[in-house]
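Have a look at the structure below before the remarks.
The values are calculated or read from the model by the stated rules, or taken from the named source; none is laboratory data. Bear in mind that the values here come from a model prediction, so they are computed numbers and not experimental data. Using ideal geometry, Cβ is built from the backbone for each residue, glycine included, and neighbour counts are taken over all protein chains shown.
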Amino acid sequence: MSAADGAPVPMTAKRRGAQLAMLGFAVLIVMGAYASVGLGLDGKIPSGTLTYGLGLGAVMLAAYLVLAKFAPWADPLLLPLVTLVNGLGLVMIYRLEQADMKGANATSQLMWTALGVVMFSATLIVLKDQRTLQRLTYTAGFVGVVLLVLPLLPFIGTEINGSRIWINVGFSIQPGEFAKLALVVFFAGYLVTKRDVLALAGRRLLFIDLPRARDLGPVLITWALSIAVLVGEKDLGTSLLLFGTFIAMLYIATQRTSWVLIGILLFVGGAILAGQIFSHVEARFDGWLHAESDELYNRELGGSYQLMQGLFSLGSGGILGTGLGQGHPNIIPFAFSDFIFDAVGEELGLTGLMAILMVYALIVQRGLRTALAARDPFSKLLAGGVSFILAWQVFIIVGGVTRLIPLTGLVTPFMSAGGSALLANWILIAVLVRMSDGARRPPPQAIQDEGLTQVMQR
Amino acid sequence: MNGTLKRAAVACLLMFGLLMANVTYLGTIKADSLRHDNRNVRSFFARYAIDRGWITAENGKVTLAKTVDTGDPTFRFEREYPLGKAFAPVVGFFAPESATGIEGTENDYLDGSHPDLVVRRAIDLLTNKPAKGATVDLTLNVDAQQAAYRALASTGKRGAVVAIDPRTGAILTMVSVPTYDPNPLAVVDKGKVNAAYNKLAKDSNRPLINRAIDETYAPGSTFKTITSAAFLSEDGSRDENTVVDAPDELPLPQTSVVLRNAGGESCGGRSTLIAALTISCNTAFGKIGIDLGYDKLKAQAEKFGVGKKLSIPLSVHASDIGADLGPAALAQTAIGQRSNQMTPLQMAMVAAGIANKGVVMQPYLVNKIMGPDGSEITATDPEEFTDAVSPEVASELTKMMVNVVRSGTGTAAQIPGITVAGKTGTAETSPGKPSHAWFISFAPADNPKVAVAVFVESGSAGTDASGGTIAAPIARDVMQAVLK
């Protein structure tokens, strides 16, 4: 698996000092960005720069200390990278709030960030070994499904902006964000135990070994669940996210390309069918394909107005952007949530967007490294699944707001305004950190070199 | 599982690669069309984010257009025109989606996008100051401009006045009446601007056009100066005392029509050139035109600038003496009728050319451009435009025109103590319709400092309007304002 047997295992460095330095650097960048917003807006450094900066710094220092104590071998890059995107999201929301954009609230986002770090720490403290999650496979599956269908229940489920993905229990939360986490745990646990069976070849068609018909069950169930989310909650994004992640994990576990093809066929078929029955799916597709047409641009509901505003924003930013506080990203509807990526593009330009995509790519890359280095199949699959779902989510939402693929509502991880998503994603990162700690921790070393059979001498 | 994990990693890499490629495409290749899409309101905001340069006159002493900092972050800078109506046809207005007049033609200096200002703009960008444009200083003489506007507008007439410094070509006055208040057209609210604009556009008096340069009109007898110039230039032995035919009726060749003088008056059968011009004898100049031939007349007109494209920097409608339609038409062309069409600016250039010893200077409105710190960026150097006539011919023409004001049709233009040279014009537009009234002049005749053309449009001046009664007094007021 990781190190070749026999040779002495090279010690992985903890790199805690590097991590602290990078964390400080990330906080500094965020503080600089925050000051830059003030300078761009009214020529003054905002009075809250130091308090905000110190606040964020203190929260992250706490996260660091917990990590250093409870997961000392963890990947040193994950926390600084996440801090950076989270901080830049905060700055952008602050900037939009300053432009009097309704719904943008930087203070509440900072509170949710702090709470997210608390959840991160709690996860690290409670979850001593990720393998305990394997015992909770079916519990996690049950919890995931319940969370997913919760918004459909009468009374507590509420529909906001055309999607029924919220529940109202005094305050609004998006249970789907937590369902995502539970379902990845479930997929990992389930697939690890069933992967040998699922990998069994059935009939051979053309060049592809089809799986046995009876093994299609779990795939069909996940598919049905995804389509139910799509239809019932009008949430194309989550539906695509969950099914795509399941198929990817299925492939990682079984090494069967046929599963990927079956998955794609099922989802595309389901979506086309749904598109013919339910208008909102078709509208999304139309709004993508003919976004620039005046007819769709001016359509009251389900048109391309928002998407085009996002693209105008991005295009106006050009290569270097207007500079923070000097553009007009507040013109884009929901610039602080779904369209935060385009808003950043206007003020930080192509350069800023490339940096942010690079940060996401690095987080994913560190996650996949963890998966490769993990020592047991469950951890491998879980780390792989968690990394993939992050990459997949970034692809779906960023691809959507940049018109690479049809727009589906999802949050940009760590950047978009929204408490539920922040909490869920911080927990997700905590799980990844825990697994990287396990993967990088040196295996117990023998006290003596036992290269040769020991000869006891009397 | 590592093999499939690696493949999943490649898939993730591919996804990020696609995102990056797409973002790059949007941020570079597609950026321009997205930025300039007319549904993108940012370009609209950008217009108001610039501390636009001012438009001034008399070396910056008088402000014609200024920028006011409202402090509003969305629409920070607004435009105001303190002197309003009288200057609107020249200065124009800065509307949410367009700009006219000097505001339009000098836009790259005013908004700071001109290459000459690129260093300054870069410094503004780095120091995070709002971009500041350059100030455009015009050649206008504010008193003369206002005198011309008052004289023309107070009487409710439609028309135009152009005054030029004949020595340089600097335009001292350019008035068009009726005009409009540019201030309501320069507000941020597109709806209000469109409403105000549409109201003006529908007005049958057409206040939005600049009659001095946007349209041409039959110049009437003022054109006789050009005909005289051609006649004198044709043969060096001719002078103001050369005797020409001046019949009571001039039969037009190949037609049954005869050309008569205004009011059926007689010019005495034969007359000196100076006498013919002084009383504006139609038959004499009709005959001269026929004798000269179309080509010589056209060539002389072109030497005064007729038919040449002009940008002052406002674009000027080209004047034209009309096509060659035979001698009958030529006789009418020679007295400024038929399809002979001139802009008031062109006629001012004719007066200025005669005043400046036969050399027409390139007319211009922009005196200089000053950077945001007050330093001069460029200044206009006077340039010769055309050589219209020899100094001798110019001097003969001047003598004749002085006589017109001293004892002929243009006595209303006399200024005590100053010799004025001038020529009246009363152009028939169509049978039964009132005439256009014209007057071109310059003063002082011995050392000209100002040349003026006044044009009062048909119908607005009353049925008995003539250049001498209606237009000449306005020219006098303008010259007095310049010379005082």
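Of note:
- Residues that are within 9 Å of chain B (Cβ to nearest Cβ), within 16 Å of A:Val37 (Cβ to Cβ) and surrounded by fewer than 24 Cβ atoms within 10 Å (Cβ to Cβ), drawn from the range A:323-348: A:Gly323, A:Gln326
- Looking only at residues of the range A:370-407 that are of a type in the set (A, V, I, L, M, F, W, C), more than 18 Å from A:Val185 (Cα to Cα) and outside any helix (DSSP H, G or I), we find that the one that is nearest to the other protein chains (Cβ to nearest Cβ) is A:Leu404.
- Condition broken by A:Arg299, with the remaining ones in (1) more than 11 Å from chain B (Cβ to nearest Cβ); (2) crowded, with 19+ Cβ neighbours inside 10 Å satisfied: (2)
- Elements of type strands (runs of 3 or more DSSP E) contained in the range B:231-341, each with 3 or more residues being touching a residue at least 24 places away in the same chain (Cβ under 8 Å) and surrounded by 15 or more Cβ atoms within 10 Å (Cβ to Cβ): B:243-246
- For the range B:395-425, a residue qualifies if it is under 27 Å from the mean Cα position of the chain (by Cα) and basic (Lys, Arg), and exactly one does: B:Lys423.
- Against the conditions (1) within 23 Å of B:Pro207 (Cα to Cα); (2) at pLDDT below 90, B:Ala163 satisfies every one except (2).
- A search for C-beta distances below 7 Å between a residue of the range B:57-75 that is exposed (fewer than 15 other Cβ atoms within 10 Å of the Cβ) and any residue that is in a loop (DSSP other than H, G, I, E, B), counting only pairs 6+ apart in sequence or on different chains, returns B:Asp69/B:Arg76; B:Thr70/B:Arg76.
- Tally of residues being charged (D, E, K, R) and either in a helix (DSSP H, G or I) or at pLDDT 85 or above (or both) across the range A:126-168: 4
- Of everything in the range B:196-225 that is assigned to a helix (DSSP H, G or I) and among the aliphatic types (A, V, I, L, M), the residue that is nearest to B:Ala329 (Cα to Cα) is B:Ala201.
- Entry remark, the range B:3-42: residues being more than 7 Å from chain A (Cβ to nearest Cβ) and of a type in the set (A, V, I, L, M, F, W, C) number 6 in total.
- If you go through the range A:349-359 and pick out every residue that is within 9 Å of chain B (Cβ to nearest Cβ) and either of a type in the set (Gly, Ala, Ser) or under 24 Å from A:Phe285 (Cβ atoms) (or both), you end up with 1.
- Close pairs from the range A:38-52: first more than 15 Å from A:Glu347 (Cβ to Cβ) and more than 14 Å from chain B (Cβ to nearest Cβ), partner of a type outside the set (A, V, I, L, M, F, W, C) and in a loop (DSSP other than H, G, I, E, B), Cβ under 9 Å, at least 6 apart: A:Tyr52/A:Pro46
- For the range A:310-322, the set of residues classified as within 9 Å of another protein chain (Cβ to nearest Cβ) and buried (at least 23 other Cβ atoms within 10 Å of the Cβ) consists of A:Leu311, A:Phe312, A:Ser313, A:Leu314, A:Gly315, A:Ser316, A:Gly317, listed by residue number.
- Listed conditions (1) more than 10 Å from every other protein chain (Cβ to nearest Cβ); (2) exposed (fewer than 14 other Cβ atoms within 10 Å of the Cβ) are all met by B:Glu78, apart from (2).
- Count of residues meeting criterion [closer than 15 Å to B:Leu330 by Cβ and not aliphatic (A, V, I, L, M)] in the range B:235-262: 4
- Selection from the range A:316-353 of residues that are over 23 Å from A:Ala104 (Cα atoms) and in contact with a helix residue (DSSP H, G or I) (Cβ under 6 Å, 6 or more places away or on another chain): A:Gly318, A:Ile319, A:Leu320, A:Leu350
- Meets criteria (on the phi > 0 side of the Ramachandran plot and of a type in the set (Lys, Arg)) for B:Arg206: yes
- Looking only at the range B:371-386, and only at residues there that are surrounded by 13 or more Cβ atoms within 10 Å (Cβ to Cβ) and under 23 Å from the mean Cα position of the chain (by Cα), the one that is nearest to B:Ile418 (Cα to Cα): B:Pro382
- Some residue of the range A:360-369 being more than 10 Å from every other protein chain (Cβ to nearest Cβ), more than 24 Å from A:Gly237 (Cβ to Cβ) and surrounded by fewer than 24 Cβ atoms within 10 Å (Cβ to Cβ): yes
- Those residues of the range B:398-444 which are modelled with pLDDT of 90 or more, in contact with a helix residue (DSSP H, G or I) (Cβ under 9 Å, 6 or more places away or on another chain) and part of a loop (DSSP other than H, G, I, E, B), in sequence order: B:Gln414, B:Thr419, B:Val420, B:Pro444
- Residue selected from the range B:210-265 under the condition within 35 Å of the chain's Cα centre (by Cα) and of a type in the set (Ser, Thr, Tyr), by the criterion nearest to B:Phe439 (Cα to Cα): B:Thr222
- Among (1) touching a helix residue (DSSP H, G or I) at 6+ places or on another chain (Cβ under 9 Å); (2) modelled with pLDDT under 90, the one test that B:Glu103 misses: (2)
- Restricting the first member to the range A:253-267 and to residues that are under 18 Å from A:Gly217 (Cβ atoms) and within 9 Å of chain B (Cβ to nearest Cβ), and the second to residues that are in a helix (DSSP H, G or I) and of a type in the set (Gly, Ala, Ser), no beta-carbon pair is closer than 6 Å while six or more apart or on different chains.
- Residue match in the range B:93-106 (condition: farther than 19 Å from B:Val162 by Cβ, surrounded by 19 or more Cβ atoms within 10 Å (Cβ to Cβ) and without any contact (Cβ under 8 Å) to a residue 24 or more places away in the chain): yes
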